[in-house]
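Below is one structure, written out as structure tokens; the observations come after it.
None of the figures in this text is laboratory data; all of them are computed from the coordinates on show. As the structure is a computational prediction, the values presented were derived from the model and not from experiment. In this analysis, Cβ positions are derived from the backbone assuming ideal geometry, glycine residues included, and neighbour counts consider all displayed protein chains.
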Amino acid sequence: MLWLISHAIFLSALAFDPPTPLFVDQSIKDIAAAQTLEVRVQSAQAKVRGACVGLEILDTLGPKSSGSGTIISKDGWIMTAGHVCGIPNLDVTIYFMDGTTAKGKTAGLYWDGLKDCGLIRFDSTGRDLVVAELGSMEGIEEGDWIISFGHTYGIEKDPFRPPVLRLGRMLGVNDGVILMDAPLSSGDSGGGVFDLDGRLVGINSTAGQEPSQNSATTIDFAKSRMTDMQQSAAQGEDADLEREKKQKKSGPNQRQVVIQMPSGKALYKGEEKNLQGIAHAVDQAILMTVGVFVDGKIVCYGTVADASGFILAKASEVGKTSKDLMVALPDGLMVSGKRIAVDQELDLVLIQTSEPLEVPKFSTDTTPALGAILVTVGRDGSPLAFGVRSLDEYRPGRSDVTASYLGVRARESSPEERSQHGDRSGVILMQVPPGMPAGRAGLRVGDFVTRIAGTLVATQEDLGEAVRKHAAGEVIEVIRVKDDQEEVIRVRLAARPREFGPPPSTPNFPASKRTSGFGPVIQHDTTLRSDQIGGPLVDLNGNIVGVNIARVDRTKSYALSSAVVKSAIDRLVAQAKDQTEPLQIEDPLISGIAILQDGPLIRLDANSAEIIGATLRFTQVEDTPSALDTWVDSNDSARWLVEFTKPGDYAVTIVQSCAEEFAGQEFEVSFGATTLKGKTEATADWSDFKSVGIGSIHVEAIGRAIIEVKTGGWLKGPLMNLHGIELKRTS
């Protein structure tokens, strides 16, 4: 499955049979070759980045969408994707690399599946423009290195975020289409693909199921349509469909089609040859890299923090609910550990072991430049993966679509309102959508809120900062003042909902539980899993320049700089040496929000589910049952904490809907050591629900237990819309 990557359109892509690649050995043979590649990437990005722009399209017949583009002439022409333009003569706001803006218009486009290009025109009078040189596919082979730019997940304006750099390789070229593994997502559509001489060779178009599955339209094809596009012609089957949709005011084009990526891995950025070539870069960091296991399962990597046995790891992945904490040391020895101190802001936990370790060597005076190649260390003593620094120093903002989410908009309270609430400082809730976490917990428009997760809040910005310091799925306390009394509302945070585009968390590379709120970070395009976060990040000279802190989405990972990490270690180790007892373990059966059994039938509604994952969401639409939908990531699950008041056998029924073409996919319901398996059943449509019995569970004694629904394996499409679970006592 493939998605168009403009900010507001969802689409699969055309059937495509890639040619057998002509193998060109562009793999990295040694550190010197990697350094040469790094220099070329930095030179190319410096040459072309100023030509890369963000685009906001104002569609008078629908919502505003956004994408990316490349300036290709001094007289004001911008190359972009056809699906970004949509139709000719729409108003466009253009965002240049320095954050300044200009007004423009969509011109012509060609959009037919993966052949996807368009033009924007603006008045360039008085502007000293950086213009990209138009290249050609002539002389470019499969395996060649390329760089790509785009405004991933939309244009960040306050503060302004420049276009984001990605590195990849040509995987195949056929009939006007480039297949590549430079990671892309929503908002990157129309951004430029460049060779390492800085020539524009492609236009970002689509993103596939995984980060390495992406396509672009060749510049050769775009040039062949240039005259027609400059004359505002809109051509291609998808362009025709889009025009019809606009005329009918019926929403975006959603033609569904399929793509086949090359099956071999020889040309991909992460091929084994490349990792072997840069192996010596991680020599110093090997003895600083450990694995952290909870309940026998690896949850993240860790970094040696102090020679006296302290390990630094990612707090939200390690969690607070299990005493079964083990650390796999660099030599393979498994030792027990205990949580001893936490830095909530940075999401770091200090773990104490009894083993002496090597003295850590953080490079606190080394700052990797934009385009620098950065290597993540594996636990086997070799490089795990590498990427490039994608932005200069960056403080995560609104593009962090997997960040934790409360679901409110608030304003600063007036002096009169503060006086009415006991002279307390706080915010007034202005928007509380009923399907979002705050609304589901009982918060309402007009509520006076003083604290979020223990933090005083006086503005919407305060509120956002407080929420981002906690992971999606965490239960936080919100203090609401009513009748001069403080009321505690417990809210389970969710991931920010996504309407369109490829899932930010993918089956092979799931996002971390917490992905934002760390302050300034090093953003890089290394493709990592959430359980590979927490270890050292090194440059090609072997300098330990940071520690990976989050897998954010399909395009990026974050690291904390070595200077930030070293400062945190100094604080945490000093705290640990004054504190001999480990941190208190939380019992999820006590700390969660429980549903109390009241009678023989227990209903676990979608509204009360704990959502695990970045894609699954709760939806409430008028005249249709509430449900958990967009279940397209096999890593996602839904969980309920139930307080049983009667033991016995309970029949388990799933209330679900599923389109016929996706029916028959497997799911599981777990209850302690019991796992029930079922298959989704077809219904008339996604809003038509039916009950599906899947077996029974035995409750041995009264008390609390967790019921979880998860996928049974890989998904061929949406699993189901889940209205809830019914547990009926039968004996």
Suppose every Lys and Arg Cβ carries +1 and every Asp and Glu Cβ carries -1, with no other charges. What dipole size does the range 663-725 come out with about its Cα centre, to the nearest 20 debye?
100
The range 404-495, dipole about Cα centre (Lys/Arg Cβ +1, Asp/Glu Cβ -1), debye to the nearest 20
420
Using a Förster distance of 56 Å, the FRET efficiency for HIS280-LEU589 (Cβ separation, nearest 0.05)
0.70
Scan of the chain for GluC sites (Glu not before Pro) in DSSP loops with at most 15 other beta-carbon atoms within 10 Å gives a longest site-free stretch of 142-344
Here the net charge surrounding GLY592, from other residues whose Cβ is less than 15 Å away from its Cβ (Lys, Arg +1; Asp, Glu -1), is -1
Dipole of the chain [Lys/Arg +1, Asp/Glu -1 at C-beta], most positive-end residue of GLN230, PHE386, PRO536
GLN230
Taking +1 at the Cβ of each Lys and Arg and -1 at the Cβ of each Asp and Glu, which of VAL655, GLY118, GLN209 sits farthest along the dipole of the chain towards its positive end, judged by Cα position relative to the Cα centre?
VAL655
Which one, LEU727, LEU196, ILE28, is farthest towards the positive end of the dipole of the chain when Lys and Arg carry +1 and Asp and Glu -1 on their Cβ?
LEU727
With a point put 7 Å past each Cα toward its Cβ, work out how far GLU133 is from LYS323 in nm, to one decimal.
6.7
Using a cut-off of 14 Å between beta-carbons, work out the net charge of the residues near GLY76 (Lys and Arg +1, Asp and Glu -1, GLY76 not included).
+2
If every Lys and Arg gets +1 and every Asp and Glu gets -1 at its Cβ, then about the Cα centre the chain yields a dipole, in debye to the nearest 20, of 520
With θ set to phi - 60° and the Karplus curve 6.51 cos²θ - 1.76 cosθ + 1.60, what are the ³J(HN,Hα) couplings of the range 136-151 in order, to the nearest whole Hz, using x for Gly and Pro?
7, 7, 5, x, 8, 10, 4, x, 5, 7, 9, 10, 9, 10, x, 9
Along the range 536-549, what does the Karplus equation 6.51 cos²θ - 1.76 cosθ + 1.60 (θ = phi - 60°) give for ³J(HN,Hα), rounded to whole Hz, x for Gly and Pro?
x, 10, 10, 9, 5, 8, x, 5, 7, 9, x, 10, 5, 10
Using the Kyte-Doolittle scale, which helices in the chain average at least -0.5 and also have C-alpha atoms spread 15 Å or more along the helix axis, with helices defined as whole DSSP H runs?
31-48, 562-577
For the range 589-731, what is the Kirkwood estimate of the hydrodynamic radius, computed as the reciprocal of the mean inverse distance between distinct Cα atoms, to one decimal in Å?
15.2
Output the antiparallel fraction of DSSP beta bridges having both residues in the chain, as a percent to the nearest 5.
95
For a Förster distance of 56 Å, can you work out the FRET efficiency between the beta-carbons of THR730 and VAL335, rounded to the nearest 0.05?
0.75
Each residue of the range 648-658 in order: what ³J(HN,Hα) in whole Hz does its phi give by Karplus 6.51 cos²θ - 1.76 cosθ + 1.60, θ = phi - 60°, with x for Gly and Pro?
x, 8, 10, 6, 10, 10, 9, 9, 9, 10, 6
Per the 1/(1 + (r/R0)^6) rule, R0 = 22 Å and r from the Cβ atoms of ALA682 and GLU708, FRET efficiency to 0.05 is 0.35
So which lysines pass the test for LYS273, namely a Cα distance under 26 Å, with those fewer than 8 places away in the same chain ruled out?
LYS29, LYS265, LYS556
Using Rg and Dmax of the Cα atoms in Å as the read-out, say which of (1) 30.0, 105; (2) 26.2, 82; (3) 39.3, 131 was calculated from these coordinates.
(2)
List the aspartates and glutamates whose Cα lies under 15 Å from the Cα of LYS361, skipping any in the same chain that are fewer than 8 positions away.
ASP283, ASP306, ASP539, ASP570
Among rounded, prolate and oblate, which fits the range 92-213 when a ≥ b ≥ c are the square roots of the eigenvalues of its C-alpha gyration tensor, a/c under 1.5 means rounded, and a/b larger than b/c means prolate?
prolate
Of LYS320/LYS577; LYS323/LYS690; LYS47/LYS157; LYS314/LYS690; LYS646/LYS679, which ones are farther than 31 Å apart at the Cα?
LYS323/LYS690; LYS314/LYS690
With VAL292 itself left out, Lys, Arg at +1 and Asp, Glu at -1 over residues whose Cβ is under 11 Å from its Cβ give +2
Approximate shape of the range 404-495 as ellipsoid semi-axes (Cα gyration tensor, √5λ), whole Å, largest first
20, 13, 12
222 nm [θ] for the chain, helices only, -39500 (n - 2.57) per DSSP H run of 4+, per residue, to 500?
-3500 deg cm²/dmol
Candidate aspartates and glutamates - alpha carbon under 15 Å from LYS469, same-chain residues fewer than 8 apart omitted:
GLU317, ASP343, GLU345, ASP347, ASP400, GLU461, GLU477
